[in-house]
Structures are given as C-alpha cells and as structure tokens.
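Heads up: the structure comes next, in structure tokens.
The values are calculated or read from the model by the stated rules, or taken from the named source; none is laboratory data. What you see is a predicted model; the values in this text were computed from it and never measured. Positions of Cβ are backbone-derived with ideal geometry, glycine not excepted, and every protein chain shown enters the neighbour counts.
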Amino acid sequence: MTLKARIRAIDRFIKGCREDGIYDDLNACCVMAGWSNLAGALTPLVGAAPTNSNITVYDRGVGAVFNGTSSTLDLNRAVSSDDKDDCHAAMYHSALGADARGVYFSHTADTTTGALSLRPLSDTAPPTLQGRFRSNEIKSLTATGGAGFTGGSRASAAVATYRWNDDSEDIESASASGTLGNYRLGRYYTTYSAGVVGFYSAGSATDLALLDARVSTLMADLRAIEETGFDRDAIAYIRAVEAADGAYLETAVKIAINNLVSGLKAESLWESMASTCLLCGPRTLAGALVPLRGDAPTSYGFVEGDYDRQGLTGDYTSYLDTGYAYNQNQDNEHMSLYRSAAGATTQNWMGGGNYGDNNGTFTRLSHYSGYVRPASQGNLTHYAEATVPSGFAGVSRSGSAVTVRYNGSDKSQTSSSKSVSGLTSNIAVFAVNYDDIGVVGYSNQKASFYSAGTSVDLAKLDSHVSAYVTAIGAAL
C-alpha cells in the first residue's frame, strides 16, 4: 500500500512539472526520499545515476545523509552540458546538518572562474543563501533558514535567480565560463556538509518558484506516507518540533514518538501528563523544549551545546521552569524524570513547593548524602542509596497514598501531610523551585524526559518512557 502511495506521489510530481512546463528543464534529477534503501534513492528520475562517495546512512522519510567529512554525490552530468546563460541547479535539504549549514551544490573542479555554488548558511544572522551561479561574483540571499528548497537559475548573461525557502530574488551578476567538471552535492571546495538531501535537479533554466512548489509538495507527500496511521497528537507534536528545529525528523524518531503517545493513551496516562517534554529525539535545543503537552518550559542558562539528541545536560547553574504550578492539583499529583546520565551524588533533580526550613510542603526528586529523596511531604521516608541511580524516577500522590519509583521498583507510603493552597512556584527541572527561598540545589544530570500532572501508574509510565529513550538511542 505504501509503495503504491509513493508511486502515486511521484507520478503527481512528474505530471505537475509537465503541466507547469518545467519537466524538460530537469536534465539530471533524483528523488532521494521515499525508497526502501539507498540504492533505490540513487536511481535517477532523469539522466545518469550519480556516483556515491561515502554516503552510508539513508532514511526514506528524509533522504540521503551526508557525513560532514568525506561524503559527496557526483551527479555525472558535466556543468558544461548546460549553457552558462541557460541553466539551473536545485536541491531539497531535509536538514542543514550538525554544522548548521546546508547541503552544498557545487562543481567538481577547483576553480572560481564561472563557479557554481549554492551554500545555505543558517549560522549567519540573518541566515543567508550564499553562492555563485555560473559567475565570478559571490552573491547572497537573505531568507528564513531551515529545511526546504534551494536553487539557482540563469536565463541571461546579466542576471541569476536565487531561491531559498519561499524567498526568490533576481540578482545582477555577470555570467562567466569555466572548466567546472561535473555537478556535485555535499562538498564546496574542501568543505563538506553534514546535511540531508531528499531531491536534486540540474539542467536548463527553469522557474524556481514552480519547481519549489512541486518538490515541496512531493516531499510532504512522502513524509506523510511514512506517518500513515499515526496518532494526530503525535503528528501535531512532530510538526511543532520540525518547525522549531528547522529540519525534518527521521522516520525512526517519528515512530518512537508515535509509539510513546499511542502507548500513553492506551494505558490511560495521557490526560495526566499536563506538563511534558521529550528532552531527547529532536535535533536542536529549541526542538527539545517544544512541549509534548502543556506549556513550553522557560530555559534559564542552557545553550545549544548543552543539548545532544540523547538529552539535556545541566551545569549546576542552569534550569528549566516548567510553567506548571506546584499546587495546581492538590493531593493529586505526579512528577517524573528520566535521567540518561546521573551526574554528581548531591543534587536536586526536579521539584517545587515551600521549603520552610526543610519542614514545609514540597515535592522533589533528589539525592543527598547517600539517600534518594524522591518525595518529601512532611513525614515521607528517604530511601538509602549508595550511588545515584540513572533512568526513570517518579513520585505520584492520590490523597494520602504516595508511590515512589526508581531503579525499576515502586515503594508505597502513606502521608499524613496534605498539600497546601496558595503556593505560586512552578516546578523546576535541574533544581527545585521553592516559594520561600527560590530556585536552589542545581544539578548536572543529563535529562531525557520530564512530566508533571495528576497521579499516574508510575510503573506503566516508566515502561513507556524507558522504551522511548531506548528507541531514540537505537534510531540515532
């Protein structure tokens, strides 16, 4: 069924390009998303098959993954096959890559005379598309950045058109001839890209806006096919993360997200997850701070380098304000955290409330002086633990019944202390936020997930969250 859907999507693309009068401009072209393997992805739609150098990673939802150090595609079409005043080159990058730059489109010869180069530079402010399009002059187009269509086209000796993510501009630059060799993706002189590409084309001059519309629709169709049967809340979250990342998520990551959301709903846990963030899986810190449920947390002190796709690491000064009030659900609450790296032995992991010289009403997950203190509401027990446990930890309260979970087991207690009204502090992660003394007890843990809300079955939540973190590790 999915194969037929992919074929229909590509058929619509071809017919649409023919209707627009641009299909004959595509003299070398590959649709590199949607296939079962890299061999399929490198089968050309038009022209010769490209020569692959060191591309080994492929994801059918987003395309071929360049490694940033040695991988390229030689399109096996000479740049001189297209007249210097009648030519185009275009690509669709699903992700700009770890170096924050796009998939380079250039030529194989080391010359600047009549050079061909398209380089999305998302690490500039504002982001720009920089290049030479069969010219000796470097030109730039300010655009919106992120994943999407990039192209250059020249239909005259005096002007070239550049397009990046819905922005087009005709820029005066005199054309020039050069011995450029073949078209190439992934390398700009000695610099390599770590981006992901789902489509490329080269050939005669074309209408880039029309080509952009057709290619972007095709890529959206192919991604949607991979998401057939996904939960709608999972899809909404995926779209929000991709917008924040400026890139598209891999198929395996999207499947892990959908499995988590579907599993939480199947176990009747979803409605209890009032404030939830997946701190692993997204490509960027901005993506990781998109909430799965509830309001986005406010980050204090974290920078991009503190995040990798396995989690967010503290430094004893940074923390997250969840935006979720500690006493929002009196005597009916839970907090949970998945720590992929435990950090030091003395720290607060997550919490809020009122300290009151350690006799107030608060809930926290923490480790101090050889004890795990998953909850402290009046008279709750502190559990002895010689080392700081990583993995899932949580506390859930329904009335006077309190369950604490860490190291894969539940511990039940009864608390005679009730929560109090009138507290205003929000629950913090990587520290504890108290009404009376503020944010204290910072940690250097690496967190991959947190949640807060009403009471839950912690064992079930542990199972789903741990499976998600494991799936992300396997996907990446």
Practice problem: Within the stretch 202-225, identify whether any single residue is within 30 Å of residue 454 (Cα to Cα), surrounded by fewer than 17 Cβ atoms within 10 Å (Cβ to Cβ) and among the polar types (S, T, N, Q), and answer yes or no. | Solution: no
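With the stretch 135-198 as the region, which strands (runs of 3 or more DSSP E) entirely inside it contain at least 2 residues that are more than 32 Å from the chain's Cα centre (by Cα)? Quick ask: steps written out before the conclusion?
Numbers: elements: 139-142, 148-154, 159-164, 167-172, 182-185.
Result: 159-164, 167-172.
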Practice problem: Give the residues of the stretch 27-56 that are in contact with a Cys (Cβ under 7 Å, 6 or more places away or on another chain) and over 22 Å from residue 225 (Cα atoms), sorted by residue number. | Solution: 46, 47, 50
Quiz item: Being at pLDDT 95 or above, closer than 21 Å to residue 117 by Cβ, in a helix (DSSP H, G or I) and not hydrophobic (A, V, I, L, M, F, W, C), is that true of even one residue in the stretch 200-214?
Solution: yes
Quiz item: Tell me, which residue of the stretch 226-241 that is among the acidic types (Asp, Glu) and modelled with pLDDT under 95 is surrounded by the most Cβ atoms within 10 Å (Cβ to Cβ)?
Solution: 226
Quiz prompt | the stretch 218-253 - residue that is in a helix (DSSP H, G or I) and acidic (Asp, Glu) and, of those, farthest from residue 293 (Cα to Cα) | solution = 221
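Just the residues that are at pLDDT 90 or above and part of a loop (DSSP other than H, G, I, E, B), please, taken from the stretch 87-110. Give the derivation first.
Here is the first cut: in the stretch 87-110, the residues at pLDDT 90 or above are 87-94, 105-109.
108, 109, listed by residue number.
Select, from 338, 319, the only residue that is crowded, with 24+ Cβ neighbours inside 10 Å, hydroxyl-bearing (Ser, Thr, Tyr) and closer than 26 Å to residue 232 by Cα. I'd like the intermediate steps shown before the answer.
On the way: 319 fails: closer than 26 Å to residue 232 by Cα.
Result: 338 is the single residue among 338, 319 that is crowded, with 24+ Cβ neighbours inside 10 Å, hydroxyl-bearing (Ser, Thr, Tyr) and closer than 26 Å to residue 232 by Cα.
Give the stretch 301-317 a look and list any residue that's touching a residue at least 40 places away in the same chain (Cβ under 8 Å) and in contact with a strand residue (DSSP E or B) (Cβ under 6 Å, 6 or more places away or on another chain), or say none.
Keep residues of the stretch 301-317 that are touching a residue at least 40 places away in the same chain (Cβ under 8 Å), which gives 309-317.
Within the stretch 301-317, 310, 311, 312, 313 meet the criteria.
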Quiz item: From the residues in the stretch 369-393 that are closer than 11 Å to residue 337 by Cβ and in a strand (DSSP E or B), which one is modelled with the lowest pLDDT?
Solution: 393
Self-check item: Pairs with Cβ under 7 Å, 6+ apart, first in the stretch 186-200 and among the charged types (D, E, K, R), second buried (at least 24 other Cβ atoms within 10 Å of the Cβ)
Solution: 187/104; 187/106
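Kindly evaluate residue 84 against the criterion of being of a type in the set (Lys, Arg), touching a residue at least 40 places away in the same chain (Cβ under 8 Å) and on the phi < 0 side of the Ramachandran plot. Outline the logic, then answer.
Working: of a type in the set (Lys, Arg): yes; touching a residue at least 40 places away in the same chain (Cβ under 8 Å): yes; on the phi < 0 side of the Ramachandran plot: yes.
Spelling it out, residue 84 is indeed of a type in the set (Lys, Arg), touching a residue at least 40 places away in the same chain (Cβ under 8 Å) and on the phi < 0 side of the Ramachandran plot.
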Practice problem: Examine the stretch 107-114 for a residue that is more than 24 Å from the chain's Cα centre (by Cα) and closer than 28 Å to residue 60 by Cα, and state whether such a residue exists. | Solution: yes
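Any residue at all in the stretch 446-463 that is among the β-branched types (Val, Ile, Thr) and crowded, with 23+ Cβ neighbours inside 10 Å?
Within the stretch 446-463, the first condition is being among the β-branched types (Val, Ile, Thr), and the residues that meet it are 454, 456.
From what is left, the residues that are crowded, with 23+ Cβ neighbours inside 10 Å are 456.
Within the stretch 446-463, one or more residues are among the β-branched types (Val, Ile, Thr) and crowded, with 23+ Cβ neighbours inside 10 Å.
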Exercise. For the stretch 349-368, state whether one or more residues are at pLDDT below 95, surrounded by fewer than 24 Cβ atoms within 10 Å (Cβ to Cβ) and over 22 Å from residue 438 (Cα atoms).
Key: no
Quiz prompt | Hits in the stretch 425-461 (condition: at negative phi and either among the polar types (S, T, N, Q) or without any contact (Cβ under 8 Å) to a residue 40 or more places away in the chain (or both)) | solution = 425, 426, 433, 443, 444, 445, 448, 451, 454, 455
Quiz item: Can you name every residue in the stretch 22-41 that is touching a Leu at 6+ places or on another chain (Cβ under 8 Å) and either in a loop (DSSP other than H, G, I, E, B) or of a type in the set (A, V, I, L, M) (or both)?
Solution: 22, 26, 28, 31, 32, 33, 34
Exercise. Taking residue 320 as the residue in question, decide whether it is of a type in the set (A, V, I, L, M), at pLDDT 95 or above and within 12 Å of residue 429 (Cβ to Cβ).
Key: yes
Practice problem: Would you check if there is a residue in the stretch 57-73 being within 29 Å of residue 156 (Cβ to Cβ), in the same structural domain as residue 6 (by TED's automatic domain parsing) and buried (at least 18 other Cβ atoms within 10 Å of the Cβ)? | Solution: yes
Practice problem: Provide a single number: the residues in the stretch 304-316 that are buried (at least 16 other Cβ atoms within 10 Å of the Cβ) and closer than 12 Å to residue 431 by Cα. | Solution: 1
